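To keep things clear, I will list the structure first and then write my remarks on it.
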Amino acid sequence: MASRTEKMQDILRGLRGASPDIIGAAVVSIDGFIVASVLPAEVDEELVSGMAAAMLGVGERISSELMASVMEQVYVRSEKGYVVLNAVGADSVLVVLTSKDAKLGLVFIEVKRRCAELGKAIAASA
Amino acid sequence: MPTVQIEEAGCRDCGLCVEICPTKVFEETPGKKLAKVVREEDCIGCTSCVYLCPSRCLTVTEAKLQRPFHRMESNAALVSRFLQQIPATQQLGQADYDEALKDTHVRLKALADALKEIMGRGQKAVGRSAGNLAAAHMPEMYETTQMTDLMAGLRKRFVHAFDFDAKVEADGTTVTLIFPSCALHKVVTAQGEIVGSANLCELFHEYFAGLMSAFSGKSYTVANLATVGQCTMKFQIRN
């Protein structure tokens, strides 16, 4: 039987395979650990996990302070593409890297679907 | 040899040139409100007088350092005065240290509170990253992979700030630390916060987990914390 990490890794591979514009993805815990990852080799996973967890924290704070609601997603646009962060369950975040040509609407649908699957995988192992 | 000239009309007899000149080239003229050049041959061309003169009525030409300035007794005394050979810290008393410590407490708490306010739960990742970064400054800790030796090394390294007893389980997956003393206890209680649950404590716990992870190459996380009497923390390898 596949372990939780293997299941999550499979889900991330599925996400990356869903569109050629999705460059990589990772699930990061709120305390800054990489739980599963299909990030490009040149990416420093430790650094990304720390930054993603910090960004999730900032996203939650800004969402509750300015909108008085729960944060769902943070996305960053750069010249080369997008970074999308989506909360998964209570204590994790999905990080998705895309190219600049990505159709964000499609990426968001895919992210939403995979987040539900990841949430189930986390809940099943808890 | 430098030539030193004072434009008498401009001199206000402030006496700054007389005071600053390391070789006593100037003197005040009795009965007149101006300084005069009395030992031009002693001028070493430092041009301190030119820079200091508020009336800009001094000129030094042909200025070159022509003498072994540092060998002249009066100048050596002057240099020694400027260099303040008595370290500033020796002039401080216990009260000054206490006051400085209090300032540090306030700064630490403000920093931790700002991180928490802005980053919320993300503060943990910052603490952990700080531990990872700090690890690079303690290369000697990378020399062992045994958790028992590693914890002994860390205890020795941090004994001035806090002390702890470490219990490492045989397989190394769980490490329990008991802190009889910790510098942060004082900081936290002085600010009216509860030891263990204060932001600063949380940051430090993650920092320590980051250090342990960096040195051991395994992902340790804070699993449990008890603060009755003294802090007891359990770190576990993350699954």
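The values are calculated or read from the model by the stated rules, or taken from the named source; none is laboratory data. In this text the structure is predicted, and so the values were computed from the model without any measurement. In this analysis, Cβ positions are derived from the backbone assuming ideal geometry, glycine residues included, and neighbour counts consider all displayed protein chains. Ligands, DNA and RNA are excluded from the accessible area calculation, which covers all protein heavy atoms including side chains. Shrake-Rupley method; radii C 1.70, N 1.55, O 1.52, S 1.80 Å.
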Restricting the stretch A:12-36 to residues that are touching a Leu at 6+ places or on another chain (Cβ under 7 Å) and away from chain B (no Cβ under 12 Å), the residue that is surrounded by the fewest Cβ atoms within 10 Å (Cβ to Cβ): A:19
Residue list for the stretch A:40-55, filter: within 13 Å of chain B (Cβ to nearest Cβ) and in contact (Cβ under 8 Å) with a residue 40 or more places away in the chain: A:48, A:52, A:53
Residue count for the stretch A:1-11, restricted to those that are more than 14 Å from chain B (Cβ to nearest Cβ) and closer than 16 Å to residue A:117 by Cβ: 4
Residue tally, condition among the acidic types (Asp, Glu) and within 16 Å of residue B:60 (Cα to Cα), over the stretch B:6-26: 2
Any hit, the stretch A:94-104, residues being away from chain B (no Cβ under 14 Å) and in a helix (DSSP H, G or I): yes
Of residues in the stretch A:56-69 being part of a helix (DSSP H, G or I) and open to solvent by less than 70 Å² (accessible area, probe 1.4 Å), the one nearest to the other protein chains (Cβ to nearest Cβ): A:57
